[in-house]
Amino acid sequence: MSPAVQGSIVLVTTLIILLSGAPVAFALGALSITFLIIFQGFDSIFGAAETFYSGLHDFTLVSIPMFVMMGAAIGSSPAGKDLYEALDRWLYRVPGGLVISNIGACSIFAALTGSSPACCAAIGKMGIPEMRSRGYPEDVATGSICAGGTLGILIPPSITFILYGIATETSIGRLFLAGVFPGLLLTSLFILWTVFILWKRGFRAHAADFRYSWREKFASIPKIAPFLAVIVGVMYTLYGGIATPSEAAGVGAALCVLLAVAIYRMWSPDKWWVILRDTTRESVMILMIIGTAVLFGYMLTSLYLTQTLAQAIADMHVNRWVLMLLINLFLLVCGFFIPPAAIILMTAPILLPIITAAGFDPVWFGVIITINMEIGLIHPPVGLNIYIVNSIAPDVPVARIMYGTIPYVLCMMLAIVILCMFPDIATWLPDTLMGPVRH
């Protein structure tokens, strides 16, 4: 049987299993072992356990549970509510200021959690009821939270960047820096669209004479300032050469836990149990996906499927931007059905030699693939953030929420086009602070 036929069988079967709702980690592991046995016999699985172990035998992976705990500590506290209220008091005079406050809170909260679902849930629980009570259109209120939540995997520190860095052996420090300006670009596009659509609809949330006093504005800062200081501290220790990503993540997690205890009095064992439970659950899930994705990649390589695909793309002899368009469409479709972690771990090792041969920067491509994953988070049929928002506002029809996300999906696509036209938006900061990469 030729590699092309084997590849078609693997692709169709994998999509069917993943679309069935089976847990990603167990599905990838079972498919890998099954295809190895079918196409190469039982002797081929003797190295499966060692391959799975080698996928997890990486010190960089220690940073994942630490960043997850950092997000769990913040997500279990009222930090999201305080952050949202602080921004609202300063931005309430801007048209659509409450939505802008939510998007701004999502962008900052993203730096604290590194998780899109956590960001979406934390800000949405406070922001959506408040926006609806003030008469904001339902599609804008829900769509903006869905979109703002996606910033969690782009603005550093980002677990998605860690997974991409591990899968492609790209510097995680560079990837973190590369996500800063694209994250700000996306935040700006979200805000510009929101201001435009609310201005066009003639919407006003506050009475013309409504005012927050300066005292009320400054009173909102003390609770959130320490958490922002943690982010600055983590980034400084990482890029100041003081600590590795894993060590910086450990320091950030410890500080976030201490601040949550000190500021919000989270002393009770039940609150600590929630933090530890959520951290363990999400960390084990991610690590299991990593291990089985490595095993899946081993299976693809053993059957010469990745080599055949790479050669087929190379033989197309198309313009490199046509190639990038095809890759983006492929990632976009994958994002509609498969979780970001699984997509990156399954496809990044295959796509890396193709994009480097075409002359694209792997760090820049890490940003592009992450934005594609963001689109998948707010686009049906999976659209995890859509269902999180629907759980917060169950009386808003899912179709209405999906309709509200469409303009933000277009904003993300525009961001990809802008980054293709001006790649320095992603690469300038890491090249400036860490020096250009020597090829």
- prompt: Among (1) of a type outside the set (A, V, I, L, M); (2) more than 16 Å from the chain's Cα centre (by Cα); (3) crowded, with 19+ Cβ neighbours inside 10 Å, where does Asn319 come up short?
  reply: (3)
- prompt: Out of the residues in the stretch 188-207 that are crowded, with 21+ Cβ neighbours inside 10 Å and either under 22 Å from Phe67 (Cα atoms) or among the aliphatic types (A, V, I, L, M) (or both), which is modelled with the highest pLDDT?
  reply: Ile191
Considering residues of the stretch 173-182 that are among the hydrophobic types (A, V, I, L, M, F, W, C) and surrounded by 23 or more Cβ atoms within 10 Å (Cβ to Cβ) only, the residue nearest to Pro65 (Cα to Cα): Phe176
statement: Residue hits (the stretch 154-179; in a loop (DSSP other than H, G, I, E, B) and either small (Gly, Ala, Ser) or out of contact with any Asp or Glu (no Cβ under 9 Å at 6 or more places or on another chain) (or both)) are Ile155, Pro156, Pro157, Ser158, Glu169, Thr170, Ser171, Gly179
message: Please go through (1) more than 22 Å from Ile344 (Cβ to Cβ); (2) touching a helix residue (DSSP H, G or I) at 6+ places or on another chain (Cβ under 6 Å); (3) surrounded by fewer than 23 Cβ atoms within 10 Å (Cβ to Cβ) for Gly124 and return the number of the only condition it doesn't satisfy.
response: (3)
field: the stretch 352-367, subset of a type in the set (A, V, I, L, M) and either within 21 Å of Glu138 (Cα to Cα) or surrounded by 24 or more Cβ atoms within 10 Å (Cβ to Cβ) (or both), residue farthest from the chain's Cα centre (by Cα)
entry: Val363
- prompt: Applying the selection to the stretch 328-350, what residues are over 26 Å from Glu282 (Cβ atoms) and crowded, with 19+ Cβ neighbours inside 10 Å?
  reply: Asn328
- prompt: Looking at (1) more than 30 Å from Ser283 (Cα to Cα); (2) surrounded by 24 or more Cβ atoms within 10 Å (Cβ to Cβ), which is the only condition Pro129 fails?
  reply: (2)
- request: Would you check which residues across the stretch 3-29 are more than 18 Å from Ile344 (Cα to Cα), among the small types (Gly, Ala, Ser) and touching a residue at least 12 places away in the same chain (Cβ under 8 Å) and list them?
  value: Ala4, Gly7
query: Has the stretch 325-336 got any residue that is more than 27 Å from Gly359 (Cβ to Cβ), assigned to a helix (DSSP H, G or I), at pLDDT below 75 and not aliphatic (A, V, I, L, M)?
result: yes
- prompt: For the stretch 69-83, does any single residue satisfy the condition of being in contact with a helix residue (DSSP H, G or I) (Cβ under 9 Å, 6 or more places away or on another chain), among the basic types (Lys, Arg) and either assigned to a helix (DSSP H, G or I) or modelled with pLDDT under 75 (or both)?
  reply: yes
query: Where residues in the stretch 1-59 are polar (S, T, N, Q) and closer than 24 Å to Leu287 by Cα, which of them is modelled with the highest pLDDT?
result: Thr34
Residues located in the stretch 258-282, provided they are within 29 Å of Leu433 (Cβ to Cβ) and modelled with pLDDT of 80 or more: Leu258
task: Under 8 Å between Cβ atoms, at least 6 apart or on separate chains: pull out the pairs that start in the stretch 348-364 with a residue that is within 19 Å of Pro430 (Cα to Cα) and in contact (Cβ under 8 Å) with a residue 24 or more places away in the chain and end on any residue that is in a helix (DSSP H, G or I) and among the basic types (Lys, Arg).
output: Gly359/Arg320; Phe360/Arg320; Val363/Arg174
- line: Scanning the stretch 376-424 for residues that are farther than 22 Å from Ser133 by Cβ and in contact with a Leu (Cβ under 6 Å, 6 or more places away or on another chain), the one surrounded by the fewest Cβ atoms within 10 Å (Cβ to Cβ) turns out to be Leu384
- prompt: If you scan the stretch 380-439, which residues turn out to be in a loop (DSSP other than H, G, I, E, B), within 21 Å of Gly149 (Cα to Cα) and of a type in the set (A, V, I, L, M, F, W, C)?
  reply: Val382, Ala393, Val396
- prompt: Among the residues of the stretch 383-396, is any touching a helix residue (DSSP H, G or I) at 6+ places or on another chain (Cβ under 6 Å), among the hydrophobic types (A, V, I, L, M, F, W, C) and free of Cβ contacts under 8 Å to residues at least 60 places away in the same chain?
  reply: no
statement: Checked the stretch 39-63 for anything closer than 16 Å to Ile159 by Cα and surrounded by fewer than 22 Cβ atoms within 10 Å (Cβ to Cβ); matches are Leu56, Asp58, Phe59, Thr60, Leu61, Val62
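The values are calculated or read from the model by the stated rules, or taken from the named source; none is laboratory data. Every value quoted in this text rests on a predicted model; they were computed, and no experiment measured them. Note: ideal-geometry Cβ built from the backbone for every residue, glycine included; neighbour counts use all protein chains shown.
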